[in-house]
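Visitor: Next up is a structure, given as structure tokens.
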Amino acid sequence: MDWLAEFPSLGKRDLRDLKKGIDGSFREWSRSNGDAIEAFFDPLYFFLVWLEKLLIATPWPIILIIVAGLAYLGSRSWKLALGSVVSFMLIGYFGMWKDMMATISLISVSTLICIAVGIPIGILMSRYDRVQSAITPILDLMQTIPIFVYLLPVVMLLGIGRVPGLIAVCVYAIPPIIRLTNLGIRLVDKEILEAADAFGSSYRQKLFSVQIPLALPNIFAGVNQTIMMALAMVVIASMIGVKGLGMPVLQAVQNQYLTLGLMNGLAIVALAIIFDRVSQRYGQRLQAHRYGKEHE
Amino acid sequence: MSKTKLKIENLYKIFGPRGKSFIDPVKNGMSKQELLDNHSHVLGLNNINLDIPEQRIQVIMGLSGSGKSTLIRHINRLIEPTAGAITVDDEDILSMSQLQLREFRRKKTSMVFQKFALLPHKTVAQNVAYGLTIQGEQESIAKEKSHKWIESVGLSGFEERYPAQLSGGMQQRVGLARALATDAPILLMDEAFSALDPLIRTDMQNILLELQKDLHKTIIFITHDLDEALRIGDNIAILRDGKIIQKGDPQQIIMKPADDYISDFIKDINRGKVIEVKSIMQKGSSKGTSLDSSCSLEDALKVLNNEKNNECSVVDDNGKRIGKVTLDAAIGALFREKASRNKEKYK
Ligand SMILES: Nc1ncnc2c1ncn2[C@@H]1O[C@H](COP(=O)(O)OP(=O)(O)OP(=O)(O)O)[C@@H](O)[C@H]1O
Ligand SMILES: [Mg+2]
């Protein structure tokens, strides 16, 4: 009855050969195609570096003014704008200004990529049920697979640095915006769509003048979540060589520098709170018309 | 009778994935219940035949679930029929391509919805101009036209408001203005006033009737409210379980209900106000006072009662004598006739 006690499995040697075989062929494939793939992502790299340099080179008072302005425009709240500026000043005062700029540029670029890729995918999903049922499991996979498992092939392909970090962040952060774009469009009132049809709208007219505007609050909730998830990836991204606030946290963990870890960790939290509140307020204002408030 | 604008012939709609395969059983008499119980398909429309005259108001009436919305949505093909034919101005709607259909919806029909279906993120002016914007109309022209229609439904000054800032009655005025703005000759109204309070509903009916005097549109008006149907309709068709069980002008329906279902429907109306003298007119002439043929029973009774021999003559719109009425006939008409007494005439 031995065969009952032990699960029937591939022999140890067979298993090792199988793994070796796959690893070997992937390595070979990445060696021969790595350059081409890297070249493909070059524009991204240059953009990221350019933005980071720009942010660091810009005099800090100007950055503070821009931060205050954006926070106010987004939220229409003086308190939030003031709070943002004070947080930035504190972070800078404790010597984390440059790292913060690097993190902000990473978050901005990855959010932009997620929006540019995610919204069209979400729209396609809302239009075709088949696309929805094909993509939903992929999104589930992206959200549940341990990050390190997909980090590995990315690193094997592109090595260590900003671009693989950026890709890892995007893979992790893009699902909410895709899901919420799809959901938002599907939730648009059927009667309103029927009205648009009854007046002879084309699909495009319906999409751009009815569906997307009415789905915007949901789409924006997706953007908000995407930003939050990107921020959550900052420390992990630093493991594959992305500069920013995550790097010192990683060092702190490795060397037990309590204060260093705490300071940078708090800086990340502060950024998260600012991004979250401002984008949430903005999203709320997008649906003001639903409650009959004056619109700006 | 004016010219037929819209012709619906042998129209069937069976909801469900295999609707087409049940056409023959339904034609051979399978009932709605049977179809639902045994095959889980819903019989939406069952052999509808209707000629809708140009420039008149055709009311379609029926209880909830009788297929009113399904029927009206076939006219602009928001719903595709399972079998049958629909022609507008002798043009076959069902053979139109998507592009032709879009053009048809833009130019020939417009629609008013029960729950208004306004675009919440657009202002009143933008909502009214929606149909024109979609057609690619110049902004200045669209603005001018929508302004004119906003004025004609009495909403001047509200152009820059958002729908959520308006009351239900005002929102439906926007809905009406939006539908009128495209100058489409056919106006489809699916329980357009049903969501409104009684007083406001009467207001809206007045606005519609007033506008119709100048516009002469072909209006298909759906309601489940008999008073509204009698007030608005030039013609009425009554639907039950997807079938038309009676069609005719309001007087015909009140005086000669086709079956008990309809007599039940009309049992609570104020017959004195609704029935007109022409419905109870007899042949012959009388020396009594002249009554207009569209005079209501209520008014006629007063005059008849004061006449010496309780008779009046009836004249048409041009003042020509066309018959007489008697007090007995007027009193008789006040009491509801049982449908069964007329049944043999219809069966
Ligand atoms: N998409 C659909 N799928 C299946 N059945 C449907 C569909 N649309 C309507 N029906 C059925 O068809 C019948 C007629 O519905 P319809 O909406 O036309 O009724 P109605 O007369 O407009 O009722 P109401 O007064 O409630 O609006 C109902 O039995 C309804 O359940
Ligand atoms: Mg309905």
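Visitor: Inspect region B:14-25 for any residue being surrounded by fewer than 15 Cβ atoms within 10 Å (Cβ to Cβ), within 15 Å of ligand 1 (Cβ to nearest atom) and among the aliphatic types (A, V, I, L, M) and give the result as yes or no.
Guide: Among the residues of region B:14-25, not one is surrounded by fewer than 15 Cβ atoms within 10 Å (Cβ to Cβ), within 15 Å of ligand 1 (Cβ to nearest atom) and among the aliphatic types (A, V, I, L, M), which makes the answer no.
Visitor: Determine, yes or no, whether residue B:106 is at pLDDT 95 or above, within 26 Å of the chain's Cα centre (by Cα), under 21 Å from residue A:200 (Cα atoms) and at the interface with another protein chain (Cβ under 8 Å from one of its Cβ atoms).
Guide: yes
Visitor: Which of the residues belonging to region A:66-81 are surrounded by 12 or more Cβ atoms within 10 Å (Cβ to Cβ), of a type outside the set (Gly, Ala, Ser) and assigned to a helix (DSSP H, G or I)?
Guide: A:66, A:67, A:70, A:72, A:80
Visitor: Another question, then. Please work out which one of (1) surrounded by fewer than 18 Cβ atoms within 10 Å (Cβ to Cβ); (2) within 14 Å of chain A (Cβ to nearest Cβ); (3) within 16 Å of ligand 2 (Cβ to nearest atom) is the condition residue B:73 fails and give its number.
Guide: Against the list (1) surrounded by fewer than 18 Cβ atoms within 10 Å (Cβ to Cβ); (2) within 14 Å of chain A (Cβ to nearest Cβ); (3) within 16 Å of ligand 2 (Cβ to nearest atom), residue B:73 comes up short only on (1).
Visitor: What residue, of B:9, B:80, is of a type in the set (Asp, Glu) and within 12 Å of ligand 1 (Cβ to nearest atom)? Walk me through it before giving the result.
Guide: Details: B:9 fails: within 12 Å of ligand 1 (Cβ to nearest atom).
Going through B:9, B:80 in turn, the sole match is B:80.
Visitor: Take the conditions at pLDDT 95 or above and either within 16 Å of ligand 2 (Cβ to nearest atom) or not hydroxyl-bearing (Ser, Thr, Tyr) (or both) and apply them to residue B:27. Does it pass?
Guide: No; evaluated as a whole, the condition is false for this residue.
Visitor: Right, another one. Tell me which of these residue B:89 doesn't satisfy, since it passes every other one: (1) within 14 Å of another protein chain (Cβ to nearest Cβ); (2) in contact (Cβ under 8 Å) with a residue 60 or more places away in the chain.
Guide: Of everything listed in (1) within 14 Å of another protein chain (Cβ to nearest Cβ); (2) in contact (Cβ under 8 Å) with a residue 60 or more places away in the chain, residue B:89 misses just condition (1).
Visitor: Just give me the residues in region B:178-205 being away from chain A (no Cβ under 14 Å) and over 13 Å from the mean Cα position of the chain (by Cα), in sequence order. Give the steps one after another, and end with the answer.
Guide: Let us first name the residues in region B:178-205 that are away from chain A (no Cβ under 14 Å), namely B:185, B:193, B:196-205.
Residues satisfying the conditions are B:185, B:196, B:197, B:198, B:199, B:200, B:201, B:202, B:203, B:204.
Visitor: Also, I was wondering about something else. Starting from region A:192-204, take each residue that is more than 7 Å from every other protein chain (Cβ to nearest Cβ) and list its partners that are in a helix (DSSP H, G or I), counting only C-beta distances under 6 angstrom and pairs at least six apart or across chains.
Guide: A:196/A:206; A:196/A:210
Visitor: Of all residues in region B:169-226, which are closer than 25 Å to residue B:274 by Cα and charged (D, E, K, R)?
Guide: Across region B:169-226, the qualifying residues are B:190, B:191, B:197, B:201, B:203, B:210, B:213, B:214, B:217, B:225.
Visitor: Kindly provide the set of residues from region A:210-232 that are among the small types (Gly, Ala, Ser) and within 13 Å of another protein chain (Cβ to nearest Cβ), ordered by number.
Guide: A:215
Visitor: For residue B:208, are the conditions met, namely being under 26 Å from residue B:230 (Cα atoms) and either more than 9 Å from chain A (Cβ to nearest Cβ) or among the hydrophobic types (A, V, I, L, M, F, W, C) (or both)? Show your work before the answer.
Guide: Working: under 26 Å from residue B:230 (Cα atoms): yes; either more than 9 Å from chain A (Cβ to nearest Cβ) or among the hydrophobic types (A, V, I, L, M, F, W, C) (or both): yes.
So residue B:208 fits the description; yes.
The values are calculated or read from the model by the stated rules, or taken from the named source; none is laboratory data. For clarity, every value in this text was computed on a predicted model and none was experimentally measured. Cβ: placed from backbone, ideal geometry, glycine included. Neighbour counts: every protein chain shown.
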